[in-house]
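Participant: First the structure, then my questions, so here it is.
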Amino acid sequence: MGSGPSFPIVPMTRDKIILITGANSGLGYEIAKWSAMMGATVILACRSESKTREAIAKMNQEFQAEKSKETSQLPENTTLALEFMHLDLASFESVTNFCEAFKKSGRKLHVLFCNAGLGWIPFQITADGLEMLLQVNYLSHFVMIAKLLGVMQQSGPDCRILLMSSIMHKRGTFDLKTINYSGPPNDFSSMNYYGRSKLYQIMQAAAMGRRISGSNVTINSIHPGVVDTQFYRDWDTGIRKCLLCCMQFSGMARSSFQGAKCSIDLTVNPKHAGMNGLYWVDCKIVTPSSVARNKQKQEELWETTIGFIRPYLKEEELKRINGEIK
Ligand SMILES: NC(=O)c1ccc[n+]([C@@H]2O[C@H](COP(=O)([O-])OP(=O)(O)OC[C@H]3O[C@@H](n4cnc5c(N)ncnc54)[C@H](OP(=O)(O)O)[C@@H]3O)[C@@H](O)[C@H]2O)c1
């Protein structure tokens, strides 16, 4: 598997269900492909059907190439079990429809990987009246987790929720009064608000980890490193483009596969069963910023978050996410 952190090939059957948001490109693509190559059924929860169908075709081609290697330890399936489901994280209605459709399918859910995310975008407001990074990166995933937790609680032992966070959480200010940006568009700092959204995910993993502790479900957050993906597509200013080129040429930026290794390990490796409420970098537990670790702030964020999403949750979903039903 190359140098650096790695993951084992863990053969899985098709009744192992892994759901990944933003799985049509970058890190999500690699996590989806490797999970499916090991035998699981992978649901690609994405906003573009055409892009996702292209990604599925490419994953199947890469699977055939990987299988033909003499060293391949992959299970002997003919094709991958990959399925597209529409999800737009910029809309709570889309998240709700997605979760209803998933529940109607009667399937189990063993891994929910909240991977999709936006980065360096100008100030935008969603149809739900929220700043885009806050809703796409954090709040919509939170709603999804609340709505699908009941399914995971009925899916047998060792079910995992994984949140794709970032070391950039250290650049995000913790100020709940300005959590939903409403200042002048030109004063909006996407770096700060991106950092905030990633900080919230680490704090959510800790706060929710406490609530669901002792159940069959765990929640953890991850930083994948600096990874050369579509993520930097909006780095259109000269200085940022220059920085990206430097990262690419200096080898500082990882390939999507290198960046995804820790995430794949946390998705499939049985040795991580029971790990809960933690922040991971390169397959190791790492201490996040002091703000991220602050329990009082985690609880304040939890209350504020529930305030935003309460209208979209049923009473039972709220009880489950609060650890009152396990
Ligand atoms: N790359 C890095 O250096 C780095 C470092 C730390 C953390 N991360 C995190 O890693 C995660 C994956 O990013 P990546 O680097 O793999 O970038 P990427 O290739 O741009 O992937 C992002 C994915 O999120 C999806 N997405 C964006 N908005 C969405 C929405 N409204 N609804 C549903 N899906 C949406 C994108 O879909 P479309 O293809 O349709 O746009 C895409 O599939 C992100 O959460 C990011 O914050 C990345």
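Participant: Test each condition in (1) buried (at least 24 other Cβ atoms within 10 Å of the Cβ); (2) more than 10 Å from the ligand (Cβ to nearest atom) for D15 and report the one that comes out false.
Facilitator: Unmet condition: (1).
Participant: Restricting the first residue to region 170-184 and requiring it to be within 18 Å of E299 (Cβ to Cβ), which pairs with a second residue that is among the hydroxyl-bearing types (S, T, Y) and modelled with pLDDT of 95 or more meet a Cβ separation below 6 Å and a spacing of at least six or different chains?
Facilitator: L176/T304
Participant: Consider W120 against the criteria (1) open to solvent by less than 30 Å² (accessible area, probe 1.4 Å); (2) touching a Phe, Trp or Tyr at 6+ places or on another chain (Cβ under 8 Å); (3) within 19 Å of Q204 (Cβ to Cβ): it satisfies all of them except one. Which criterion is unmet?
Facilitator: Unmet for W120, out of (1) open to solvent by less than 30 Å² (accessible area, probe 1.4 Å); (2) touching a Phe, Trp or Tyr at 6+ places or on another chain (Cβ under 8 Å); (3) within 19 Å of Q204 (Cβ to Cβ): (3).
Participant: What number of residues in region 178-190 are open to solvent by less than 60 Å² (accessible area, probe 1.4 Å) and in a helix (DSSP H, G or I)?
Facilitator: The qualifying residues number 2.
Participant: Being within 9 Å of the ligand (Cβ to nearest atom), in a strand (DSSP E or B) and at pLDDT 95 or above, is that true of even one residue in region 49-58?
Facilitator: No, there is no match, as no residue in region 49-58 is within 9 Å of the ligand (Cβ to nearest atom), in a strand (DSSP E or B) and at pLDDT 95 or above.
Participant: Does K198 qualify as being within 16 Å of the ligand (Cβ to nearest atom), open to solvent by 20 Å² or more (accessible area, probe 1.4 Å) and among the charged types (D, E, K, R)?
Facilitator: No.
Participant: Next up: Please go through region 31-50 and pick out each residue that is in contact with a Ser or Thr (Cβ under 7 Å, 6 or more places away or on another chain) and open to solvent by 20 Å² or more (accessible area, probe 1.4 Å). Before you say what the answer is, go through the steps one by one.
Facilitator: Here is the first cut: in region 31-50, the residues in contact with a Ser or Thr (Cβ under 7 Å, 6 or more places away or on another chain) are 31, 35, 39, 42, 44-46.
Those that are in contact with a Ser or Thr (Cβ under 7 Å, 6 or more places away or on another chain) and open to solvent by 20 Å² or more (accessible area, probe 1.4 Å): none in region 31-50.
Participant: Of all residues in region 142-177, which are among the aliphatic types (A, V, I, L, M), more than 16 Å from the ligand (Cβ to nearest atom) and open to solvent by 10 Å² or more (accessible area, probe 1.4 Å)?
Facilitator: V151, L176
Participant: Which pairs have Cβ atoms under 8 Å, sit 6 or more apart or on different chains, and link a residue in region 106-121 that is charged (D, E, K, R) to one that is in a loop (DSSP other than H, G, I, E, B) and at pLDDT 95 or above?
Facilitator: Between residues of region 106-121 that are charged (D, E, K, R) and residues that are in a loop (DSSP other than H, G, I, E, B) and at pLDDT 95 or above, the close pairs are K108/D15; K108/Q154; K108/S155; K108/G156.
Participant: How about region 101-139: which of its residues are within 16 Å of S182 (Cβ to Cβ) and in a helix (DSSP H, G or I)?
Facilitator: M132, L133, L134, Q135, L139
Participant: Further question on the same structure: Return the total of residues in region 61-100 being among the polar types (S, T, N, Q), in a helix (DSSP H, G or I) and open to solvent by 50 Å² or more (accessible area, probe 1.4 Å).
Facilitator: Residues that pass the stated criteria total 3.
Participant: Here's a follow-up. Considering only residues that are assigned to a helix (DSSP H, G or I), over 12 Å from F84 (Cβ atoms) and more than 8 Å from the ligand (Cβ to nearest atom), which ones fall in region 18-32? Outline the logic, then answer.
Facilitator: Going through region 18-32, the residues assigned to a helix (DSSP H, G or I) turn out to be 26-32.
Retained after the next criterion (residues that are over 12 Å from F84 (Cβ atoms)): 26-31.
Listed by number, the residues that qualify are E30, I31.
Participant: Just wondering, is there one or more residues in region 299-311 that are in contact with a helix residue (DSSP H, G or I) (Cβ under 8 Å, 6 or more places away or on another chain) and assigned to a strand (DSSP E or B)?
Facilitator: no
Here is a yes/no grid of residues against (1) more than 18 Å from E317 (Cβ to Cβ); (2) modelled with pLDDT of 95 or more; (3) more than 16 Å from the ligand (Cβ to nearest atom); (4) more than 20 Å from the chain's Cα centre (by Cα):
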position: W34; (1), (2), (3), (4): yes, yes, no, no
position: C46; (1), (2), (3), (4): yes, yes, no, no
position: N77; (1), (2), (3), (4): yes, no, yes, yes
position: H86; (1), (2), (3), (4): yes, yes, no, no
position: F92; (1), (2), (3), (4): no, yes, no, no
position: K104; (1), (2), (3), (4): no, yes, yes, yes
position: L109; (1), (2), (3), (4): no, yes, yes, no
position: F123; (1), (2), (3), (4): yes, yes, no, yes
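The values are calculated or read from the model by the stated rules, or taken from the named source; none is laboratory data. Quick caveat, the model's predicted, so the values are computed rather than measured. Neighbour counts are summed over all protein chains in view; Cβ atoms, including those assigned to glycine, are modelled from backbone coordinates with ideal geometry. Just so you know, the surface numbers come from the protein's heavy atoms only, side chains and all, with ligands and any DNA or RNA stripped out. Shrake-Rupley method; radii C 1.70, N 1.55, O 1.52, S 1.80 Å.
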